[in-house]
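Everything on this sheet refers to the single structure shown next.
The values are calculated or read from the model by the stated rules, or taken from the named source; none is laboratory data. Just so it is clear, the model here is predicted, and its values are computed rather than measured. Cβ placement follows ideal geometry from the backbone for every residue including glycine, while neighbour counts extend to all protein chains displayed. Ligands, DNA and RNA are excluded from the accessible area calculation, which covers all protein heavy atoms including side chains. Shrake-Rupley method; radii C 1.70, N 1.55, O 1.52, S 1.80 Å.
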Amino acid sequence: MPRPPMLPTLLILNPLSDQGLQRIGQDFQIVYAPTAEQRGAAIASHADAIRAVLTIGSIGLHANEIAALPKLELVCALGAGFENIDVAAARERGITVSNGAGTNDACVADHAMGLLLATVRGIPQLGVALHQGIWRDALPLPPSVSGKRLGIIGLGTIGKQIARRAAGFDMTIGYHNRSVRSETPFAYFASVLELAQWADFLVVATPGGAATRHLINRPVLDALGPQGFIVNIARGSVIDTAALALALREGRVAGAGLDVYESEPLPPAELLDLPNAVLTPHVAGWSPESVAETVRLFLENARRHFSGQAVLTPI
Ligand SMILES: NC(=O)c1ccc[n+]([C@@H]2O[C@H](COP(=O)([O-])OP(=O)(O)OC[C@H]3O[C@@H](n4cnc5c(N)ncnc54)[C@H](O)[C@@H]3O)[C@@H](O)[C@H]2O)c1
Ligand SMILES: O=C(O)[C@H](O)COP(=O)(O)O
């Protein structure tokens, strides 16, 4: 009887459910190393077998790890972000890199709207007050959301999904992006500063990495002003956290709804005691539905790559 073909060996660096691992295990020999301690050991002991790596943006894959894997030909980010994958080092070796573009965009956009509504309307804070027996007459009225000016920084896959949802709230939408999105009807602002001067609310939806580091700094926050709110579902590095914490503390910005932090995976110490910050632990993109979708796209990209076809979402 002919022997079944050997499944390629896949190194998985991100935590995955048993269900996800089982599904991926039908197509790959899995080396599962979701902790920092397991990672080095897994690379050292399986270096000559590993042909593909599955990771996420925050965990990445570094140049020295790529160099240590002579058979590596495919690196996939499960989600949209890939800021810690050394794409240049992979390209130099002719290694294909892909991401999960468009698999969790709706989930992230829903979460962004949730953070915006919760932050502007003060929903968590009002809930706490109610639990303390405080009724509305003793509380300041939170501002309206509908009809306001929303500035989106990074009008890509997720930014556009946020715009669609904001249109349902009758918001006027402006944006700043690397380039003009002439396919959209929205007003383009050439700088983040000009967008912040115009907007009531800012939502950050750019990639992370060096090119966007601290794009939101003290001058931008001051331009947004004491009635302004900011939401970040992109990457913590895009906002200067110290400047934001100070602006929130001094009331120079009204509030912030944040899913991502410079301190990840540690919680953002300087924001935790601020009553005008609504915080979630980098979950905007993750739901059972979106994870299933990211795994499906990864498997499709892998199937294509190992049968000599181009991946659907190359980087
Ligand atoms: N919080 C979460 O769970 C979560 C989930 C998914 C994605 N994300 C983050 O959201 C990011 C965006 O995802 P996407 O799928 O929309 O990506 P995308 O590539 O489709 O869109 C990014 C947009 O940002 C713009 N951009 C890039 N650099 C810029 C700069 N310096 N200044 C202005 N605009 C710039 C690009 O032109 C593009 O339009 C991801 O890279 C990831 O970091 C977070
Ligand atoms: O980029 C994404 O899709 C999500 O933010 C997941 O991010 P992570 O890759 O850092 O978990």
Condition first: buried (at least 19 other Cβ atoms within 10 Å of the Cβ) and either assigned to a helix (DSSP H, G or I) or within 11 Å of ligand 1 (Cβ to nearest atom) (or both). Now tell me which residues in segment 237-252 satisfy that.
Ser237, Val238, Thr241, Ala243, Leu244, Ala245, Ala247, Leu248
Just checking, how many residues over segment 157-176 are touching a Gly at 6+ places or on another chain (Cβ under 6 Å) and more than 14 Å from Phe201 (Cα to Cα)?
1
Consider Ser58 carefully, then state whether it is within 16 Å of ligand 1 (Cβ to nearest atom) and touching a Cys at 6+ places or on another chain (Cβ under 7 Å).
no
Any residue that is open to solvent by 70 Å² or more (accessible area, probe 1.4 Å) and touching a residue at least 40 places away in the same chain (Cβ under 8 Å) - is there at least one of those in segment 2-20?
no
For segment 77-94, which positions are within 18 Å of Leu16 (Cα to Cα) and either part of a loop (DSSP other than H, G, I, E, B) or touching a Phe, Trp or Tyr at 6+ places or on another chain (Cβ under 6 Å) (or both)?
Leu78, Gly79, Ala80, Gly81, Phe82
Residues of segment 73-86 being more than 11 Å from ligand 2 (Cβ to nearest atom) and surrounded by fewer than 18 Cβ atoms within 10 Å (Cβ to Cβ), in sequence order, are Glu73
Can you tell me which residue within segment 281-303, out of those that are in a loop (DSSP other than H, G, I, E, B) and open to solvent by less than 30 Å² (accessible area, probe 1.4 Å), is nearest to Val128 (Cα to Cα)?
Ala284
Selection from segment 1-34 of residues closer than 15 Å to Glu65 by Cβ, out of contact with any helix residue (DSSP H, G or I) (no Cβ under 8 Å at 6 or more places or on another chain) and either more than 16 Å from ligand 2 (Cβ to nearest atom) or modelled with pLDDT under 95 (or both) yields none
Matching helices (runs of 4 or more DSSP H) fully within segment 95-199 where at least 2 residues are open to solvent by 70 Å² or more (accessible area, probe 1.4 Å)
123-131, 157-167, 192-198
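Okay, residues lined up against (1) closer than 17 Å to Gly285 by Cα; (2) β-branched (Val, Ile, Thr):
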residue	(1), (2)
Leu69	no, no
Glu73	no, no
Glu92	no, no
Val97	no, yes
Gly100	yes, no
Val120	no, yes
Pro143	no, no
Lys148	no, no
Quick check on Val87: is it more than 26 Å from Tyr261 (Cβ to Cβ), touching a strand residue (DSSP E or B) at 6+ places or on another chain (Cβ under 7 Å) and not charged (D, E, K, R)?
no
